[in-house]
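The values are calculated or read from the model by the stated rules, or taken from the named source; none is laboratory data. A quick note: this is a predicted structure, and the numbers were derived from the prediction, not measured. Every residue, glycine as well, gets a Cβ built from its backbone with ideal geometry; the counts of neighbours run over all protein chains shown.
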Amino acid sequence: MTITHRIALIGFGTVGQGLAEILVDKGDSLEQQHGVRFQIVAVSDLLKGSLYQATGLDAAALLEVVRRTGKLEEYPVNRGLFTGLDSLETIRRSNADTVVEISWTDVQTGQPAIDHVKAAFENGKNAVLTNKGPVALAYQELAGLAAAQGVQFRFEGTVMSGTPAIRLAQRALAGCTISQIQGILNGTTNYILTQMETGQSYASALAEAQRLGYAEADPTADVEGWDAAGKAVILANVLMGGDLQVAAVDRTGISKLTLADVDAARAAGERWKLIAKVWHSDGTTKASVTPTRVPLSHPLAGVGGAVNAVTYTTDLLGDVTLVGPGAGRMETGYAVLGDLLEIARE
Ligand code: HSE
């Protein structure tokens, strides 16, 4: 038996289009293997416009029209198609089971994404996010609201894109206590540092990371360590019971590192990595993001390009390390798919 799970996409940029592509390519095999068909019923994007059709939109046609015209509202007109609903109206009025919040991330305010997630819960809908803002700033409040409404709140893509860093800790390591988390949590900066080792300038490597879709809309968030700090806070608060604010993270970015610094590290048999760390101290949870010179023998030294890694230090297993993509269109689209499958299973 196949169930249909209806989704509304709030945002149709890189991640939304990556997810739509996955659904076009794998819709049939997902149905065969997992008994579920994910149907996009609504898409609302601040720049591209908005569509809602209760019986489902054609994902391939959505991709085609956006690539050709840049606008959703050029989608073929047909009976039952609504256009022009804003994001909150889309969340309230659509018949979606799950709202996928993939609009831009604002790690300072978390808005408008926090309001989107609240509206989803208030209307009895699950929420899946790749948007870090709401989870970094309001995890406890949103998790409480979701529980009170009996809906699900999932955000695997907020840390390490589709690499299941959160699910690994919550599911596969269930029963272990995590005492420390350490890792490379930002793809853009790791890509820049890797490219600088080949002699490419900081500015040109950053431009490349933007072109490849790794960087945030405002790449200051990446290079000054805000993005990694937000992810460290998510891991601290979700996995280690912390109540940490992004502003409390001891944070330094990579924007001051020069090719000379990179060369000096190489000459000493070391390499620069932007290391995020979470630990307990004096009864509270602390976090830092710091450019660090690590020896080539260090477990994180070999993690290059936009790849990320996280090491969980646990009581029962010692260190468990997960390495995988940390950014990218299909990689983050897959994060949403993983969360949707978990919701559909439950
Ligand atoms: N800008 C982020 C990064 C995207 O470079 O890691 C994924 O969160």
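Among the numbered criteria (1) more than 19 Å from Ser161 (Cβ to Cβ); (2) of a type outside the set (Phe, Trp, Tyr); (3) surrounded by fewer than 16 Cβ atoms within 10 Å (Cβ to Cβ), which single criterion is violated by Asp218?
(1)
Just to be sure I understand the filter: pairs with C-beta atoms under 7 Å, separated by 6 or more residues or on different chains, first member in region 130-148 and within 16 Å of the ligand (Cβ to nearest atom), second member among the aromatic types (Phe, Trp, Tyr). Which pairs pass?
Between residues of region 130-148 that are within 16 Å of the ligand (Cβ to nearest atom) and residues that are among the aromatic types (Phe, Trp, Tyr), the close pairs are Val135/Phe155.
Given the criteria under 27 Å from Ala247 (Cβ atoms) and in contact with an Asp or Glu (Cβ under 9 Å, 6 or more places away or on another chain), does Thr158 qualify?
For Thr158, the condition - under 27 Å from Ala247 (Cβ atoms) and in contact with an Asp or Glu (Cβ under 9 Å, 6 or more places away or on another chain) - is not met.
Considering only residues that are assigned to a strand (DSSP E or B) and within 12 Å of the ligand (Cβ to nearest atom), which ones fall in region 180-223?
Within region 180-223, Gly183, Ile184 meet the criteria.
Which members of region 152-208 meet the condition of being over 24 Å from Glu224 (Cβ atoms) and aromatic (Phe, Trp, Tyr)?
Correct list: Phe153 only.
Hey, could you check region 135-160 for residues that are farther than 19 Å from Val233 by Cβ and assigned to a loop (DSSP other than H, G, I, E, B) and say which is farthest from the chain's Cα centre (by Cα)?
It comes out as Gly150.
Give the residue that is nearest to the ligand (Cβ to nearest atom), with candidates limited to residues of region 297-310 that are crowded, with 19+ Cβ neighbours inside 10 Å and under 27 Å from Gly175 (Cβ atoms).
Only one residue fits best here, namely Asn308.
Can you report the number of residues in region 322-339 which are crowded, with 24+ Cβ neighbours inside 10 Å, among the aliphatic types (A, V, I, L, M) and in a helix (DSSP H, G or I)?
2
A quick yes/no check of all residues on (1) outside the structural domain of Tyr214 (by TED's automatic domain parsing); (2) assigned to a helix (DSSP H, G or I); (3) surrounded by fewer than 20 Cβ atoms within 10 Å (Cβ to Cβ); (4) in contact with a strand residue (DSSP E or B) (Cβ under 6 Å, 6 or more places away or on another chain):
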residue: Leu9; (1), (2), (3), (4): yes, no, no, yes
residue: Gly18; (1), (2), (3), (4): yes, yes, no, no
residue: Phe38; (1), (2), (3), (4): yes, no, no, yes
residue: Ser44; (1), (2), (3), (4): yes, no, no, yes
residue: Glu64; (1), (2), (3), (4): yes, yes, yes, no
residue: Arg79; (1), (2), (3), (4): yes, no, yes, no
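Looking at Thr130, Thr83, Thr90, Thr98 in this structure, which one is touching a Gly at 6+ places or on another chain (Cβ under 8 Å) and buried (at least 17 other Cβ atoms within 10 Å of the Cβ)?
Thr130
Going residue by residue through region 317-337, is there one that turns out to be within 15 Å of the ligand (Cβ to nearest atom), at pLDDT 95 or above, farther than 30 Å from Gly35 by Cα and among the hydrophobic types (A, V, I, L, M, F, W, C)?
no
Among the numbered criteria (1) surrounded by 20 or more Cβ atoms within 10 Å (Cβ to Cβ); (2) touching a helix residue (DSSP H, G or I) at 6+ places or on another chain (Cβ under 6 Å), which one does Gln149 miss?
Going through the list (1) surrounded by 20 or more Cβ atoms within 10 Å (Cβ to Cβ); (2) touching a helix residue (DSSP H, G or I) at 6+ places or on another chain (Cβ under 6 Å), Gln149 breaks only (1).
Return yes when Gln108 is assigned to a loop (DSSP other than H, G, I, E, B), within 24 Å of the chain's Cα centre (by Cα) and surrounded by fewer than 19 Cβ atoms within 10 Å (Cβ to Cβ) and no when it is not.
yes
Looking only at residues that are part of a strand (DSSP E or B) and among the aliphatic types (A, V, I, L, M) in region 247-278, which one is nearest to Tyr312 (Cα to Cα)?
Val278
Which one of these does Thr163 not meet: (1) within 12 Å of the ligand (Cβ to nearest atom); (2) polar (S, T, N, Q); (3) not in a loop (DSSP other than H, G, I, E, B)?
(3)
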